[in-house]
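Colleague: Attaching a single structure in structure tokens format; questions to follow.
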Amino acid sequence: MTGIILFIVAFILLMLGIPVAFAFGASAIFAALLDPELGLDIFGLLPYRVYGIMQNFTLMAVPLFIFMGFILEKSKIAENMLESIGELFGDIRGGLAIAIVIVGAILAASTGIVGASVVMMTIISLPIMLKYGYSPKLAGGVIAASGTLGQLIPPSIILIILGAVMNLSVGDLFKAAIIPGVLIVAFYIIYILIISFINPNIAPPIKTNRSKKEVLIKALKSLVAPVLLIIVVLGSIFAGFATPTESAAIGALGAIILTFFYKSFSFELIRYATIESVKITAMIFMILIGATAFSLVFNESGAGDIVTEFFTDSISNKYIFIAITMILIFILGFFIDFIEITFIVIPILLPIVEAFGIDPLWFALLIAINLQTSFLTPPFGFSLFYLKGAAGDKIKTKDLYLGVIPFILIQIVVLLIVIFIPKIVYLLLG
């Protein structure tokens, strides 16, 4: 009963607009007060749990990768790359949309900041796409979807948090996520090529006055900096030279060094990136504290054992459990953010995953792919908010919602591929 009260109160508070961290914390206090076997004394355990979380070395990578992303976003490195690659692919049908997908993937591997990627690509690319006759649905859909690639392609904040919550190697999660991430990018591009071939009017080619050689050289120059950063950051992790936290520090320093080469360094840039990184990191850890209080009451009330017994005794089929879990997370993604889902739902599922003998690494990848869709699903998809906020009246909300549907379906297809062909997760693990 306490577990049901927890979720009902948390849902009501979220719908009333209460910040997530306080909604989860308040629901935990309310449920504990109603349970005579718990009471407020249960929260005497909370400081020890929070202290244990704060000692997690892996979580230190979160603010460092966020800082790196903001530096790259404001230093014009990403902007130059988007303009040059857009010009390179612009003279084929759907070329500009393909360029946005490619740039989204590169930004994902070098920044991982969804909001920054979506806003930047919206400001730069959306007016050009609409000017040259691109369908608003396709334009909005491809920008929103490409901006979310940072949720799966390493270095991903989702994967770092999942690694901490599920006690998994973040380096292994990064390796396991590469092929599913590449599959999503490839399917995005294939979809754009097919839809552009079927209906040339929705994504016409854009001619340029430059020679192909000039355009190619410009594009290659714009790729040098982010590609070097990707090689340093991910290469150091995959080669075993550095932990994810150490490579995040290297990446943050590397991003600052690159601003000198691009003559965009300023103390105002450092100040902006630092303040924004602190804001986002504080928000993540506040949610983590609220979620820890929620999980504490949920588990101490015995609700966790009831859930585990239900799945292992009543269902007793791990594939039905996986199906129910994926559908649940997908539906939750319509209403709440990936951080809340990770901190609240995943600890509840972990004992069941262990009871069924499911590989937690594979299960974590399924969750990560599923959580990526939460950025695109109406009505609360964060990418949709970012894009609409940056685009203003240039695109209708209806067109944006319809435009992301094919890309959501593509992500579901990749999720099903990973479910039915799990070995693709382990190909790069050796």
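Colleague: When region 341-385 is examined, which residues are found to be buried (at least 21 other Cβ atoms within 10 Å of the Cβ) and without any contact (Cβ under 8 Å) to a residue 40 or more places away in the chain?
Modeller: Across region 341-385, the qualifying residues are Ile341, Leu349, Val353.
Colleague: Scanning region 220-229 for residues that are among the hydrophobic types (A, V, I, L, M, F, W, C) and surrounded by fewer than 20 Cβ atoms within 10 Å (Cβ to Cβ), which turns out farthest from Val170 (Cα to Cα)?
Modeller: Among those that are among the hydrophobic types (A, V, I, L, M, F, W, C) and surrounded by fewer than 20 Cβ atoms within 10 Å (Cβ to Cβ), it is Leu220.
Colleague: Taking region 368-388, which residues are within 11 Å of the chain's Cα centre (by Cα) and assigned to a helix (DSSP H, G or I)?
Modeller: Once the filter is applied, which keeps residues that are within 11 Å of the chain's Cα centre (by Cα) and assigned to a helix (DSSP H, G or I), region 368-388 yields Ala368, Ile369, Asn370, Leu371, Gln372, Thr373, Phe382, Ser383.
Colleague: Can you say whether Ile331 is over 11 Å from the mean Cα position of the chain (by Cα) and free of Cβ contacts under 8 Å to residues at least 24 places away in the same chain, as far as the supplied structure shows?
Modeller: Answer is yes for this residue.
Colleague: State yes or no: is Ile66 within 30 Å of Thr274 (Cα to Cα), at pLDDT 75 or above and either of a type outside the set (Phe, Trp, Tyr) or open to solvent by 40 Å² or more (accessible area, probe 1.4 Å) (or both)?
Modeller: Taking the combined requirement at face value, the residue satisfies it.
Colleague: Also, quick follow-up: Being under 29 Å from Ser236 (Cα atoms) and among the aromatic types (Phe, Trp, Tyr): is that true of Phe57 here?
Modeller: Yes, satisfied.
Colleague: Mind counting the residues in region 236-282 that are open to solvent by 30 Å² or more (accessible area, probe 1.4 Å) and assigned to a helix (DSSP H, G or I)?
Modeller: Residues flagged as open to solvent by 30 Å² or more (accessible area, probe 1.4 Å) and assigned to a helix (DSSP H, G or I) within region 236-282 amount to 21.
Colleague: What number of residues within region 134-187 satisfy the criterion of being over 16 Å from the mean Cα position of the chain (by Cα), within 19 Å of Ile106 (Cα to Cα) and among the hydroxyl-bearing types (Ser, Thr, Tyr)?
Modeller: 0
Colleague: Need the failing condition index for Ile92 against (1) open to solvent by 10 Å² or more (accessible area, probe 1.4 Å); (2) of a type in the set (A, V, I, L, M); (3) part of a helix (DSSP H, G or I), just the number.
Modeller: (3)
Colleague: Any idea which of (1) without any contact (Cβ under 8 Å) to a residue 12 or more places away in the chain; (2) open to solvent by less than 50 Å² (accessible area, probe 1.4 Å) is the one Gly403 doesn't satisfy?
Modeller: Answer for Gly403: the failing condition is (1).
Colleague: State the number of residues belonging to region 271-301 that are touching a residue at least 60 places away in the same chain (Cβ under 8 Å) and either more than 24 Å from the chain's Cα centre (by Cα) or under 15 Å from Leu6 (Cα atoms) (or both).
Modeller: Qualifying residue count, region 271-301: 10.
Colleague: Among (1) of a type in the set (Phe, Trp, Tyr); (2) more than 21 Å from Gly181 (Cβ to Cβ); (3) without any contact (Cβ under 8 Å) to a residue 40 or more places away in the chain, there is one condition Phe89 misses while meeting the rest; what is its number?
Modeller: (2)
Colleague: All but one of (1) surrounded by 17 or more Cβ atoms within 10 Å (Cβ to Cβ); (2) assigned to a helix (DSSP H, G or I) hold for Leu33, so report the exception by its number.
Modeller: Exception for Leu33: condition (1).
The values are calculated or read from the model by the stated rules, or taken from the named source; none is laboratory data. If you're wondering where the values come from, they're calculated on a predicted model, not measured in any experiment. Cβ atoms come from the backbone with ideal geometry, glycine included; neighbour counts cover every protein chain shown. Areas reflect the complete protein model, heavy atoms only, side chains present, ligands, DNA and RNA absent. Shrake-Rupley method; radii C 1.70, N 1.55, O 1.52, S 1.80 Å.
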